[in-house]
Amino acid sequence: MIDFVLSEGDRVRLGRLVEYFAGGDRSAYLRATITVMESRHRAERLRGLQAAKQRRLGEQGISANELPELVDTACAVPRS
């Protein structure tokens, strides 16, 4: 069992969400919420990685539009 404290207003909001999304089953609602929040976390991490990639490319004077050609060129070069 996990205990946590909610204000009365949050308790009412939680109750509405639990009823709507999980038919009143708080455990099912929490499991579903964990899945959603994990997905959101992955999306936020991906956006951060993409932003970092864009910064690094900019520091090298490379635009995102140039990437496909650069990748094609790199893949065409035989490796030794």
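Worth a mention:
- Across region 41-49, rounded Karplus estimates of 3J(HN,Hα) from the backbone phi angles (6.51 cos²θ - 1.76 cosθ + 1.60, θ = phi - 60°) give 4, 4, 5, 5, 5, 4, 4, x, 5 Hz, Gly and Pro being marked x.
- Listed candidates (i) 55; (ii) 67; (iii) 76 - label of the one calculated as percent of Cα pairs over 18 Å apart: (ii)
- When you filter the trypsin sites (Lys or Arg not before Pro) in region 47-80 for DSSP loop state and at most 16 other Cβ atoms inside 10 Å of their Cβ, you are left with 79.
- MRE, 222 nm, helices only [DSSP H, n ≥ 4, -39500 (n - 2.57), over the chain, to nearest 500]: -25500 deg cm²/dmol
Each value in this text was obtained by applying a stated rule to the coordinates, not by laboratory testing. It should be emphasised that the depicted structure is a prediction, and the values quoted were computed from it without experimental measurement. Counting neighbours? That spans all protein chains shown, and the Cβs are built from the backbone with ideal geometry, glycine included.
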